[in-house]
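Rule-based calculations on the coordinates, nothing more; no lab input. These numbers were taken from a predicted model, which means no experiment stands behind them. Here the Cβ is made from the backbone with ideal geometry for all residues, glycine too, and neighbour counts use every protein chain on show.
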Amino acid sequence: MAEAEQSRLPGYLHLLRTGELERRADRALEVLRDCVVCPQECRVNRIEGEEGFCRTGLQPRVSSYSPHFGEEPPLVGRYGSGTIFFAGCNMRCEFCQNYTISQCGAGAAVTCEDLAEIMLRLQERRCHNINLVSPSHVVPQILRAVAIAAGSGLSLPLVYNSGGYESVETLRLLEGVIEIYMPDAKYGRDDVAWELSHAPGYTGRMQAALREMHRQVGDLVVGSDGVAERGMIIRHLVLPGNLANSEIVMKFIADEISRDSYVNVMAQYHPAWRAAEGGRSPVLAALQRPITAREYEYAIGCARESGLSRGFP
């Protein structure tokens, strides 16, 4: 194999050859015995089927998988991003637009062998990558599935598509396995993160996670075909009344991650799940409308004023 072609292969193939991928999967699965895979740190024994905040035991649940064309252009390319939607979540966002999957558990339990087969099917459909949606609570199972799939010919880059509420210790198990990180940077204040997503200490955890992700993969690198090869895409959803504190988030990204960060400032907020039901608090009451054009323009302005220039709409 030519040297240039080898350099494009995902890092997990090297880890597979050295046996490190299996060792990482073994270490990660042991964490499930007293689960601290994510910052909720429930300490339940998921090996024995106990469920914590994420409502997931040993087996991951998959809601759907398919080529997806609604993601960021560098992920979609011509043939789509091979998305796998995991049921359950380590946050409980009051406005979640996928709440039937994240909160109501819509999906079927699968073995790691099944998950590996799903990855291989998406590769057969010529997807440009394997896009793991809401993976934070099932990292050990993903590592095992990748080891199985890589041994059977998987060679696509993996995308880690998460809410940004991560354990750095867990992320370190993914070094060399994930080529593209796509975290949310949801909030600039912990009190809002708690009320809207039930994620204690979100801002500190998110910031530490983005630093670790960027250390591993750097800024987004796009090939001559316009498809992402490696790096990080950061998502930020604009909320009504600037509840997300966009100015804080953008300043952090620019000053402490990179001014070359690719940032998708998203405008698709609409009241969903509990946010559509009405205000149990002033914060929730503020979520009962879509954002305005002015609110979106403010978030874009925050990004530009912070020195960011890649991504946006």
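Side notes on the structure shown:
- FRET efficiency for the pair Ser155 and Glu305, taken as 1/(1 + (r/R0)^6) with r the Cβ-Cβ distance and R0 = 30 Å, rounds to 0.15.
- Label point 7 Å beyond Cα of Ala208 along Cβ direction - residues of the stretch 7-43 with amide nitrogen under 17 Å: 35-43
- Debye-sum result for the stretch 124-195 in log10 I(q)/I(0), which assumes one identical scatterer on each alpha carbon, at q = 0.13, 0.18, 0.21 Å⁻¹: -0.43, -0.75, -0.95
- By the Cβ-Cβ criterion of under 4.7 Å, the unpaired cysteines of the chain are Cys35, Cys38, Cys42, Cys54, Cys89, Cys104, Cys112, Cys127, Cys302.
- The stretch between Tyr298 and Asp114, if pulled fully straight at 0.36 nm per residue, gains 61.8 nm over its current Cα-Cα span.
- Where a label projected 7 Å from the Cα of Arg259 along Cα→Cβ would reach, residues of the stretch 208-233 with amide N under 18 Å: 219-220
- The reciprocal of the average 1/r between distinct C-alpha atoms defines the Kirkwood hydrodynamic radius, which for the chain equals 19.7 Å.
- Low-density loop positions, trypsin sites (Lys or Arg not before Pro), the stretch 98-160 - DSSP coil, at most 10 other Cβ in 10 Å: none
- Dipole magnitude for the chain: computed about the Cα centre from +1 point charges on Lys and Arg Cβ and -1 point charges on Asp and Glu Cβ, it is near 340 debye.
- Contact order relative to length of the chain, as percent, for alpha carbon pairs under 8 angstrom and 6 or more apart: 16
- When the square roots of the Cα gyration tensor eigenvalues are ordered a ≥ b ≥ c, the ratio a/c for the stretch 154-313 is 1.5 or more and a/b exceeds b/c, which makes its shape prolate.
- Helix 112-124 axis, angle to the chain major axis (alpha carbon atoms, nearest 10°): 90
- Residues Asp191 and Glu50, FRET efficiency given R0 of 25 Å [Cβ-Cβ distance, rounded to 0.05]: 0.25
- Distance distribution P(r), the stretch 161-210, all Cα-Cα pairs, bin width 5 angstrom from 0: 5, 23, 30, 22, 12, 7, 2 percent.
- Mean-position separation - Cα centroids, the stretch 102-118 and the stretch 48-87, in angstrom: 8
- Thr18-Arg172 FRET efficiency (beta carbon distance; Förster radius 22 Å; 0.05 resolution): 0.85
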